[in-house]
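*Asks:* Got a structure here, written out as structure tokens. Questions coming.
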Amino acid sequence: MRDVAIIGASMTQFGQRDAWIRELLAEAGDACLDDAGVEPSALDHLYVSNMASGEFEGMTGVPNALAHDLGALGAYTQRVDQTSSSGGAGIYAAWQSIASGASDATLLVGGEKMTHKTTAESTDVIASLTHPAEYKHGVTLPSFAGLTARHYLERFDAPRESLAKVAVKNHENGTRNPHAQFQKEVDLETVLDSPIVADPLRLYDFCPITDGSAALMLVPAEEAESYVDRADDYAVISGVAGATDTHVVHERDDPTVMSGVVESGERAFDMAGLEPDDVDVAELHDMFTILEFLQMEGLGFAEHGEAWEHVEAGETEMDGDLPINTSGGLKSKGHPLGASGVAQGVEIYEQIVGEAGPRQVDADVALACNVGGFGNCVITTILEAAA
Amino acid sequence: MSDHDSTHGDDEPRIREGHLSGDDLTAYVCTNGHATFPGHQRCPTCGESQDAELDLSETRAEVVTWTTSTATPPGVREPNHLAIVEFDLDAALEASQDFTAGTVQGPVRTLAQLTTGDVESGDVVAPTYVEELREPGAGIREPDSQSWDGYRFEPVES
Ligand SMILES: [Zn+2]
């Protein structure tokens, strides 16, 4: 297997956009080729992470459309759908294409167009991933979050405020991200007084519905220097791995453990030869505030039932021991399903190469955890600075 | 590829009509005694086939956790009280003619609507049949692809 490098990244403005899926993907893909200094004709593989363009827009076959619109005809194209973790799964697919030798230049573009639907309709498209025995009860992903949050708070005697502090932190980080959907701070009272969505969770415990796209350019690490201006201006994918948990959420032995997070994390750390302590900055899939706790614990950043204590102590803030979601996370950046995992990759790439601007922290090792469904499928990616 | 698959012994496809659907409140039990609701083509724990059934439609359960959802999708009541409940497996086995106690491993749980939001974790609840839990065809799921009746759970004196 060859080592794989990321040599370029881009993301569009996230939020409510006039553009449709093809335009969003083309915008991010074009900008990423520019950022990497790669001609579209040089692409061997082109991957598109997208959950539901057919369901949202009645538009299918988007990878082929993107190849045509980007001037990359001839490239092998493939759509990667793993629901909310389509983006992370795209990183894994793109990594495989280079590592295996099948491709010498792979562009990954993730995107989703959602905001033209009502919140109820979008929620239903996402909830269509559930088992019939779940779907007929009207369950939504936010309901799973409410069920899990209550269990977590009761079992570990954690204060409700600790979840709200995740939202406050990620909103504050989002003020430094010009691409974020929300670039405004919220205070604890605003979160705790916002309307109930899935008791005990409230509006500000949830990410918004978002249009947007993000892209990464991957090449063999041994060729990375020939593309970049500065010798260290690229990141190496030192670990990437995925895992699945039950489709039916109530069949999990422990509702507070996401085994897909645990297993994908262990595999990614194994591959990288690293430990949780080695990570300098992390992007976690905060579709709901409670997920940040479950991922911190599943990835080994905190003991089971103790993540809330680290958040209360400020350890996950920008100046803490382990800054989490410097990008603003899904919470303030927004969550265009297929784009989110790629956008996590964009943030940790920028942290590693020193291009994160006002969000920059000191980082040689960065991790992203992208969660599909309610932990149903998970991809963990670890990036390291060029040697 | 593998010759370990001989335990099933025949070349007939194992058709699981209804088995994977979760249509009925029935646990499916594999040859090693692992029980799940809903059923699966192979046991998620050991990979053997799930050949036995355990009716749960009259079995009481305990609320593991609950929520009230106020942002519900098309065709779903609002507010929607939901819980994950864990069945009293011993009681279900005792009521069944087909199993002896201790031969089936749980826990067996379900996600389900509650008749009320006035519950607490640990409360005992019982299933009560409802002809339509959610309006077929209002949401994105093909109406004919699944059932829409089922059981809500209501608090009972323990
Ligand atoms: Zn089994």
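The values are calculated or read from the model by the stated rules, or taken from the named source; none is laboratory data. Just so it is clear, the structure is predicted and the values come from calculations on it, not from any experiment. Every residue, glycine among them, receives a Cβ derived from its backbone with ideal geometry; neighbour counts consider all protein chains shown. Please note that ligands, DNA and RNA were not included when accessible areas were found on the heavy atoms of the full protein model with its side chains. Shrake-Rupley method; radii C 1.70, N 1.55, O 1.52, S 1.80 Å.
*Asks:* Answer yes or no: is there a residue in the range A:124-131 that is in a loop (DSSP other than H, G, I, E, B) and of a type in the set (Ser, Thr, Tyr).
*Replies:* yes
*Asks:* Still on this structure, please answer the following. Counting only residues that are over 18 Å from B:THR68 (Cβ atoms) and within 11 Å of chain A (Cβ to nearest Cβ), which one in the range B:126-142 is least open to solvent (accessible area, probe 1.4 Å)?
*Replies:* Within the range B:126-142, the match that is least open to solvent (accessible area, probe 1.4 Å) is B:GLY139.
*Asks:* So how many residues does the range B:42-88 have that are away from the ligand (no atom under 12 Å from the Cβ) and part of a loop (DSSP other than H, G, I, E, B)?
*Replies:* 16
*Asks:* Within the range A:310-332, work out how many residues are touching a residue at least 24 places away in the same chain (Cβ under 8 Å) and more than 20 Å from A:GLY354 (Cα to Cα).
*Replies:* 5
*Asks:* Scan the range B:89-112 residue by residue and report those that are more than 9 Å from chain A (Cβ to nearest Cβ) and either without any contact (Cβ under 8 Å) to a residue 24 or more places away in the chain or part of a strand (DSSP E or B) (or both).
*Replies:* Correct list: B:ASP90, B:GLU94, B:GLN97, B:THR100, B:ALA101, B:GLY102, B:GLN105.
*Asks:* Still on this structure: Sort out which residues of the range B:100-125 are surrounded by 17 or more Cβ atoms within 10 Å (Cβ to Cβ) and under 18 Å from the mean Cα position of the chain (by Cα), and write them in order of number.
*Replies:* Hits for the range B:100-125 are B:VAL104, B:GLY106, B:VAL108, B:ARG109, B:THR110, B:LEU111, B:ALA112, B:GLN113, B:LEU114, B:VAL125.
*Asks:* Report those helices (runs of 4 or more DSSP H) wholly inside the range A:212-320 carrying at least 2 residues which are open to solvent by less than 60 Å² (accessible area, probe 1.4 Å) and among the acidic types (Asp, Glu).
*Replies:* A:289-298
*Asks:* Would you check if there is a residue in the range A:190-203 being away from chain B (no Cβ under 14 Å) and over 27 Å from A:ALA339 (Cβ atoms)?
*Replies:* Looking for residues that are away from chain B (no Cβ under 14 Å) and over 27 Å from A:ALA339 (Cβ atoms), one finds at least one in the range A:190-203, hence yes.
Residue-wise test of (1) closer than 26 Å to A:LEU284 by Cβ; (2) of a type in the set (Phe, Trp, Tyr); (3) open to solvent by 60 Å² or more (accessible area, probe 1.4 Å); (4) out of contact with any Ser or Thr (no Cβ under 6 Å at 6 or more places or on another chain).
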site: A:ALA28; (1), (2), (3), (4): yes, no, no, no
site: A:LEU43; (1), (2), (3), (4): no, no, no, yes
site: A:SER49; (1), (2), (3), (4): yes, no, no, no
site: A:GLU55; (1), (2), (3), (4): no, no, yes, yes
site: A:LEU70; (1), (2), (3), (4): no, no, no, yes
site: A:GLN82; (1), (2), (3), (4): yes, no, no, yes
site: A:VAL109; (1), (2), (3), (4): yes, no, no, yes
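*Asks:* Also, I was wondering about something else. Please verify whether the range A:126-140 includes one or more residues that are at pLDDT 95 or above and away from chain B (no Cβ under 13 Å).
*Replies:* no
*Asks:* Here's a check for you: in the range B:22-56, which residue that is out of contact with any Pro (no Cβ under 6 Å at 6 or more places or on another chain) and small (Gly, Ala, Ser) is nearest to B:LEU114 (Cα to Cα)?
*Replies:* Among those that are out of contact with any Pro (no Cβ under 6 Å at 6 or more places or on another chain) and small (Gly, Ala, Ser), it is B:ALA27.
*Asks:* Here's something else I'd like to know. Looking only at helices (runs of 4 or more DSSP H) that lie completely in the range A:135-203, which have at least 1 residues being under 23 Å from A:ILE348 (Cβ atoms) and acidic (Asp, Glu)?
*Replies:* In the range A:135-203, A:160-174 are the helices (runs of 4 or more DSSP H) which contain 1 or more residues that are under 23 Å from A:ILE348 (Cβ atoms) and acidic (Asp, Glu).
*Asks:* Out of the range B:24-41, which residues are within 10 Å of the ligand (Cβ to nearest atom) and either within 10 Å of chain A (Cβ to nearest Cβ) or surrounded by fewer than 22 Cβ atoms within 10 Å (Cβ to Cβ) (or both)?
*Replies:* If the condition is that a residue be within 10 Å of the ligand (Cβ to nearest atom) and either within 10 Å of chain A (Cβ to nearest Cβ) or surrounded by fewer than 22 Cβ atoms within 10 Å (Cβ to Cβ) (or both), then B:THR31, B:ASN32, B:GLY33, B:HIS34, B:THR36, B:HIS40 are the ones that fit.
*Asks:* Any residue in the range A:125-132 that is more than 25 Å from A:SER53 (Cα to Cα) and open to solvent by less than 30 Å² (accessible area, probe 1.4 Å)?
*Replies:* No.
*Asks:* Just a yes or no: is a residue in the range A:141-158 buried (at least 21 other Cβ atoms within 10 Å of the Cβ), touching a residue at least 60 places away in the same chain (Cβ under 8 Å) and among the aromatic types (Phe, Trp, Tyr)?
*Replies:* Yes, the range A:141-158 contains at least one residue that is buried (at least 21 other Cβ atoms within 10 Å of the Cβ), touching a residue at least 60 places away in the same chain (Cβ under 8 Å) and among the aromatic types (Phe, Trp, Tyr).
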